[in-house]
Amino acid sequence: MSQTQFLIGRSGLDLQDDFYPDDLPSEWRFDYYSTLFRALSLPIDTDEDLEEIFEEIKTSEEEFELVISIEKAQLTDPKQLSALLPSVASYQRFFTLFCQLDKPPTQVVMDLLHGYQLCFQSPKPLKLDLKQVKVMGEYLSFNQHPVLYNSATWDEKQMRTYLQEISSINTKAILICEFAESETLNKIRLVSELLGF
C-alpha cells in the first residue's frame, strides 16, 4: 500500500476566483488560505509578510508546508544567494527551499544552503548528496520532503492520472499547482482523498 500523502497548494496568495471574502484585509489572506489548503509556494523575494507567515506556521497546530521558491539565477549566483538568505535564515526549519534547475549547484552554493530543507526539480539527475526520485519525467532531489511543482491546467481525468502516476513516490509530498484557483485545488484534494492519498 502506498504511503504517499499529498499536501496541496498553489503559488502565491493572489487567487482570482472570489476565494476571499470581499471585506477580508489583505494581511489576513494567509490565515484564511491556510484553513483550507495545506501548502503554499512564495518567491524568496515576495512582497508578502514572511515573518508574520512564519510566526503563524510556528504557532499553528495544523500541518502546513511553506515552499520558498528561488529562481535559478538567484540560486546559482553565490553573491545573490548570500544577499537573499538572511531574510529567511532564522525560519529555515519552517519551509522548504525549492528551485527548478538543469544542472547541480556548485559546492559553494550547497555550502551556503547547509541546514536548509531543500528540493530541486530537474529534467535530468543531479549528482548531489540528496534523496532522489523520478516523477513524471522530472527528477526531484530533496533532503526532507519532495516538492512537485506543476504549471499545467488539468481536467479531473488528468488530475486522477497525474496523482496515480506520482503515488509511487511513497512519502509525504508537497504538490504545488502554480496557477490553480481554489475550485481546482479543492478538486485535486478531493481526487487525492478518493484515491486514498
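The values are calculated or read from the model by the stated rules, or taken from the named source; none is laboratory data. Please read all numbers here as calculations on a predicted model, not as lab measurements. Glycine also receives a Cβ, built like all others from the backbone with ideal geometry; neighbour counts cover every protein chain displayed.
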Requested in this report: Scan segment 147-155 and give yes if some residue there is among the small types (Gly, Ala, Ser) and over 28 Å from residue 33 (Cα atoms), otherwise no.
Outcome: no
Report summary line: Exactly one of 100, 158 is over 19 Å from residue 5 (Cβ atoms), out of contact with any Cys (no Cβ under 9 Å at 6 or more places or on another chain) and at pLDDT below 85, and that one is 158
Query raised in the report: Out of curiosity, is residue 82 in contact with a helix residue (DSSP H, G or I) (Cβ under 8 Å, 6 or more places away or on another chain), of a type in the set (Ser, Thr, Tyr), farther than 17 Å from residue 65 by Cβ and not in a loop (DSSP other than H, G, I, E, B)?
Result: yes
Query raised in the report: Any idea which residue in segment 59-70 is farthest from the chain's Cα centre (by Cα), counting only those that are among the acidic types (Asp, Glu) and closer than 18 Å to residue 10 by Cβ?
Result: 62
Query raised in the report: Quick check: anything in segment 34-46 within 16 Å of the chain's Cα centre (by Cα), part of a loop (DSSP other than H, G, I, E, B) and among the polar types (S, T, N, Q)?
Result: yes
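Each row is one residue, and each column tells you yes or no for (1) surrounded by 14 or more Cβ atoms within 10 Å (Cβ to Cβ); (2) without any contact (Cβ under 8 Å) to a residue 60 or more places away in the chain; (3) within 15 Å of the chain's Cα centre (by Cα).
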{"position": "130", "(1), (2), (3)": "yes, yes, no"}
{"position": "137", "(1), (2), (3)": "no, yes, no"}
{"position": "154", "(1), (2), (3)": "yes, yes, no"}
{"position": "163", "(1), (2), (3)": "yes, no, no"}
{"position": "169", "(1), (2), (3)": "yes, no, no"}
{"position": "178", "(1), (2), (3)": "yes, no, yes"}
{"position": "187", "(1), (2), (3)": "yes, yes, no"}
{"position": "193", "(1), (2), (3)": "no, yes, no"}
Query raised in the report: Of all residues in segment 146-187 being in a loop (DSSP other than H, G, I, E, B), out of contact with any Leu (no Cβ under 8 Å at 6 or more places or on another chain) and not small (Gly, Ala, Ser), which is farthest from residue 64 (Cα to Cα)?
Result: 155
Query raised in the report: All but one of (1) in contact with a Phe, Trp or Tyr (Cβ under 9 Å, 6 or more places away or on another chain); (2) free of Cβ contacts under 8 Å to residues at least 12 places away in the same chain hold for residue 111; which doesn't?
Result: (1)
